[in-house]
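The values are calculated or read from the model by the stated rules, or taken from the named source; none is laboratory data. Since the structure is predicted, the reported quantities are computational estimates derived from the model, not experimental observations. Reconstructed Cβ throughout: ideal geometry from the backbone, glycine too, with neighbour counts over all protein chains shown. Only protein heavy atoms, including side chains, enter the accessible area calculation; ligands, DNA and RNA are left aside. Shrake-Rupley method; radii C 1.70, N 1.55, O 1.52, S 1.80 Å.
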Amino acid sequence: QVQLVESGGGLVQAGGSLRLSCVASGSIFRVNAMAWYRQAPGKQRELVAGITSGGTTNYADSVKDRFTISRDNAKNTVYLQMNSLKPADTAVYSCPADLAPSVLRPSVRYWGQGTQVTVSS
C-alpha cells in the first residue's frame, strides 16, 4: 500500500508564510514527478507547482516568485514554501506523486487527502 500524507496547512494572515510537506510511504520502488495542486470552494482543481525527480520545476503564473517547490528524494518528500500569501491562495492543497510501487509495476499517480490553507485579509 502507498500513502501520501500532507501537513503544514493552517490559518495565516495575508502576507504571511506557510510550508507544506507531503510524505510518500509504503511499498515504493521509485518516485518520479511530484506536485502540488489546490482547489478552492466552487473552483476547479489547479496545478500550483510541479517537480521532476531530477529537480526541474514549474509553477502556475499566480504563484511564481512567491512559492517554491522542493523535494528530498531520500525521504520521498515534497515541500511547498509559500510566502507573501494572499486570500486568493485559500484552498485545499493536495500532493500527487507519480510512483512505481515495485520494479515490476508501472508508475501510477497517487494522491494525498489534502491540507487546508486559509489566508485571512
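Brief remarks on what is shown
- Flag for Asn83 being open to solvent by less than 60 Å² (accessible area, probe 1.4 Å) and under 23 Å from Ser121 (Cα atoms): yes
- Breaking point among (1) among the polar types (S, T, N, Q); (2) over 18 Å from Trp111 (Cβ atoms); (3) buried (at least 20 other Cβ atoms within 10 Å of the Cβ), for Ser94: (2)
- Counted residues, the range 63-74 - those being of a type in the set (Lys, Arg) and surrounded by 13 or more Cβ atoms within 10 Å (Cβ to Cβ): 2
- Filter result (in a strand (DSSP E or B), surrounded by fewer than 16 Cβ atoms within 10 Å (Cβ to Cβ) and of a type in the set (A, V, I, L, M)) within the range 3-46: Val5, Leu11
- Close pairs (6 angstrom Cβ cut-off, 6 or more residues apart or separate chains): of a type in the set (A, V, I, L, M) in the range 96-119, assigned to a strand (DSSP E or B) and open to solvent by less than 60 Å² (accessible area, probe 1.4 Å) anywhere: Ala97/Leu4; Ala97/Ala24; Ala97/Val31; Ala97/Met34; Ala97/Tyr110; Leu99/Val31; Val117/Tyr93; Val119/Val12
- Filtering Ala100, Ala60, Ala88, Ala49 for residues that are small (Gly, Ala, Ser), open to solvent by 50 Å² or more (accessible area, probe 1.4 Å) and either under 14 Å from the mean Cα position of the chain (by Cα) or over 19 Å from Glu6 (Cα atoms) (or both) leaves a single hit, Ala88.
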